[in-house]
Amino acid sequence: MQRSGNAAKPAADGRFQALIEQITLVTYTERFDAPGTFSYVSPQIETLLGYAPSDVIGRPGFLLERVHPDDRARFMSENERTNTTGELFHLEYRIKSRSGAWLHVWDEALLARDAAGRPLHWQGVLVDITELQEGVEQSQTLLSSAPDAVIATDAQGSIIEFNAAAERMFSSRRDDILGTAIVDLLIPSEQRAALEDAFNRYPEIEQGLPLGQHVQTAAVRADGRRLPIELTVTRLEGSRGPLYVAYMRDVSARIAAETAQRSSEERFRALVQNSYDIITVVNRDGSRRYVSPSIEHLLGYAPTDLIGRDALELVHPEDMAALRETIGACLQGAAQTPALEVRFRHQDGSWRDFETVGTNLLDEPGVDGIVFNSREITTRKATETALRESELRFRTAFDHAPIGLALVSIDGRFTQVNRALCELFGYSEAELLQKTLQDMSYPEDLEDDLTVAQRLFSGEIETYQLETRYMGKDGRIIWIELTVSAIQERDGRRSGIAQIQDVSGRRRLDMERATMLASEREYIKQLRDLAGMREDLSQMVAHELRTPVASLRMMVSAVATGALEPDAEAEMFGAIHGQIDQLNRLVSDVVTAAAAERDDFSVQLHSVPLAVLFSGATAFALGSLGDRRFTVGPAPDVQVWCDPERISQVLQNLLDNIARHTPPDTTVELRATSDDKLVHIEVADNGPGISDDDLQIIFEKFGRGRESSEGGTPGLGLGLYLSRQIVQAHGADLTVQSTPEHGTVFGFDLRMAP
């Protein structure tokens, strides 16, 4: 603590100091001329705070620095008061020990003066009251959190304590109530005499013991409303005389509950008497104690005719064992039995279905029996039987339908499929149940399929029908007519039933009819153009054949003379072989082009490793690209659906096209990427590129770019045309991207095989 004023060092002889240091509390002397500085502290300071006297003596502000921040304002206020008045300093506060723990201490100091009344020093003591303070706080916490109102009075009945529950009960503040007579607060005028008598017996109440019985009375709230309460009074001995503690419990809820219980019992009796279910109480020996009147309506028997007789006498022989076990379980202590289906015999001899539940009330006073509640379910059983038969008929019709049928969830997953659907797609039932409508959709049709399906499952439409493409397990593209209707499930969720019919044949016929109609419109024009095309083709073929034939004639003549050296002759034979290959390629392209235009042109799909296709293309490139740099990018380790001979022809045509239209120093790359369903294959070069005008015609039949025609590049213009035809037969397309002076990229997709 801090003080101000003049100082005088206290005098104490050795005997006085020895006496002080033997008591348990800490004594100290604070200098008056140096506020907050101790000139003496007893050794007990080390037991209290963990500091030796030498750590404290002579250090200004030592005590204030360790006072809890929340208590410093009170500390300084008390210090200012005592410095001003010279009165006794006394304060409870928290102080921090050397270990970091907060202790509650009581600090009391007296200002010592000389004979003339001048201040000498502050002589004080510090007492550890931590345990006492914690006990007080716990008591206050218990008192404030007590669910019942607690009101303490002195011997005259004046209120000295009023807890939080009492504030809520009487709708009054504690500070407004303290000092009020408890009788004036609690007792309505007509009950005052009886309760005053109880309080007049205060002296007769033994310490800690309540009155002989609770007093039922009423409290008057601040708003004038009366509250029924139960009052118990206890006497306690305090330091200043006896205290009387009144415990008050609001019993309005209990009174209401008792009233409600009486009403409930009356309603229950009425419900049992008028219940449509049969209520039966069975004794421990298996006889009936009670049967509700409803049995006469449901089974034709008068209740009085059945009381006292065996509870199993009306039970079907096949159900007796189960009901007997149920009664036995209750006798063994089971609280309630599971629902049991039992057949009871009607008075007319027919059997009626009931669902029975037993409740063990053998130990319940006033019942002492097993209560069975039996509800007739004859109609429900008939309905369930009809439903099972209906479901069986539906399942039979579903499984044997000639078209594909499926139940699908809101996410498109198959939850039930029939045999026709499995046969259509080539999957087993177990495999198909792992798939969704989206899995089966052809990639190009997926977005349209999902759009209309989302409208159905969101409730916007109730049914839809469309023609779309699905894929079979073997990779076949199947045109189907899909009809989906919404179904409302019992739990409120929407699902759908899908009808899937193969219309590939009809679709093909429709396409053929459309082609025929288009052909009719174009027929005359084609006839007019045919003669010109034949002439152009003849001239082109003649031109393309004339050059290698002339070269062959010249080279054969040179060999025939016999004048060539062996090395030159071998080189000449190699050239002859190259010209023959060129002639063979020209003839093969013409034949393939003719085949591609026939209706029976098709591809034979197989599951082929991508690496096999790349290996064949690499071998061809090494023999045809000459001085061009050829690289193969990393190929995914996957299988693709394709006709390997046709796709190899496409890759060779693309590589041959690069060999004929790019300079020798060109870099050529064969590469591929994949996603979950498709493999994208590209043949790229960094050559001169293709002009925009040539890009418009390079995929046409006999389409040759301007540079090819003017530069005399050999070829009929069939390679890219044939390649595109083959890729389209695989359900994809051959694309090209080209930038002048930067190169060209040809690409196409193949579906990934499982």
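Computed quantities for the displayed model
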{"read-out": "Selection from the stretch 280-323 of residues that are open to solvent by less than 30 Å² (accessible area, probe 1.4 Å), out of contact with any Lys or Arg (no Cβ under 9 Å at 6 or more places or on another chain) and among the β-branched types (Val, Ile, Thr)", "value": "Val291, Ile295"}
{"read-out": "Of the criteria (1) modelled with pLDDT of 60 or more; (2) closer than 18 Å to Pro242 by Cα; (3) under 60 Å from the mean Cα position of the chain (by Cα), which one Ser158 fails", "value": "(3)"}
{"read-out": "Matching strands (runs of 3 or more DSSP E) fully within the stretch 612-683 where at least 3 residues are open to solvent by less than 30 Å² (accessible area, probe 1.4 Å) and not polar (S, T, N, Q)", "value": "667-674"}
{"read-out": "Scan of the stretch 450-472 for residues that are within 19 Å of Leu424 (Cβ to Cβ) and free of Cβ contacts under 8 Å to residues at least 24 places away in the same chain, ordered by number", "value": "Gln465, Leu466"}
{"read-out": "Residue match in the stretch 534-542 (condition: at pLDDT 65 or above and surrounded by fewer than 15 Cβ atoms within 10 Å (Cβ to Cβ))", "value": "no"}
{"read-out": "Pairs with Cβ under 6 Å, 6+ apart, first in the stretch 493-519 and on the phi > 0 side of the Ramachandran plot and in a helix (DSSP H, G or I), second open to solvent by less than 90 Å² (accessible area, probe 1.4 Å) and among the basic types (Lys, Arg)", "value": "none"}
{"read-out": "Residue tally, condition part of a strand (DSSP E or B) and either at pLDDT below 90 or of a type outside the set (Val, Ile, Thr) (or both), over the stretch 337-353", "value": "8"}
{"read-out": "Qualifying residue in the stretch 31-41 (condition: within 60 Å of the chain's Cα centre (by Cα) and modelled with pLDDT of 85 or more)", "value": "no"}
{"read-out": "Of all residues making up the stretch 97-128, the number that are open to solvent by 40 Å² or more (accessible area, probe 1.4 Å), assigned to a loop (DSSP other than H, G, I, E, B) and either closer than 20 Å to Asn83 by Cβ or in contact with a strand residue (DSSP E or B) (Cβ under 7 Å, 6 or more places away or on another chain) (or both)", "value": "3"}
{"read-out": "Ile478, sole failed condition from (1) more than 18 Å from Arg751 (Cα to Cα); (2) open to solvent by less than 40 Å² (accessible area, probe 1.4 Å); (3) touching a residue at least 40 places away in the same chain (Cβ under 8 Å)", "value": "(1)"}
{"read-out": "Pick from the stretch 396-432, criterion more than 16 Å from Gly472 (Cα to Cα) and over 35 Å from the mean Cα position of the chain (by Cα), ranking: surrounded by the most Cβ atoms within 10 Å (Cβ to Cβ)", "value": "Phe398"}
{"read-out": "Test: residue in the stretch 362-380 that is under 30 Å from Ala420 (Cα atoms), part of a helix (DSSP H, G or I) and open to solvent by less than 50 Å² (accessible area, probe 1.4 Å)", "value": "no"}
{"read-out": "Given (1) open to solvent by less than 20 Å² (accessible area, probe 1.4 Å); (2) modelled with pLDDT of 90 or more, index of the condition Asn686 fails", "value": "(1)"}
{"read-out": "Failed item in (1) modelled with pLDDT of 85 or more; (2) within 30 Å of Asn163 (Cβ to Cβ); (3) open to solvent by 70 Å² or more (accessible area, probe 1.4 Å), with Arg94 passing the rest", "value": "(3)"}
{"read-out": "First in the stretch 24-40 and surrounded by 21 or more Cβ atoms within 10 Å (Cβ to Cβ), second anywhere and in a strand (DSSP E or B) and of a type in the set (D, E, K, R), Cβ under 7 Å, 6 or more apart", "value": "Phe38/Glu30"}
{"read-out": "Failed item, numbered, when Ala166 is tested on (1) among the small types (Gly, Ala, Ser); (2) modelled with pLDDT of 70 or more; (3) more than 15 Å from Ala149 (Cα to Cα); (4) not in a loop (DSSP other than H, G, I, E, B)", "value": "(3)"}
{"read-out": "Residue within the stretch 453-460 that is open to solvent by 60 Å² or more (accessible area, probe 1.4 Å), farther than 26 Å from Asp733 by Cα and among the hydroxyl-bearing types (Ser, Thr, Tyr) present", "value": "yes"}
{"read-out": "Which listed residue is under 19 Å from Ile129 (Cα atoms) and either at pLDDT 85 or above or in a helix (DSSP H, G or I) (or both), from Asp70, Asp55", "value": "Asp70"}
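The values are calculated or read from the model by the stated rules, or taken from the named source; none is laboratory data. In this text the structure is predicted, and so the values were computed from the model without any measurement. Every residue, glycine among them, receives a Cβ derived from its backbone with ideal geometry; neighbour counts consider all protein chains shown. Each accessible area value is taken on the protein alone, full model and side chains, heavy atoms only, with ligands, DNA and RNA left out. Shrake-Rupley method; radii C 1.70, N 1.55, O 1.52, S 1.80 Å.
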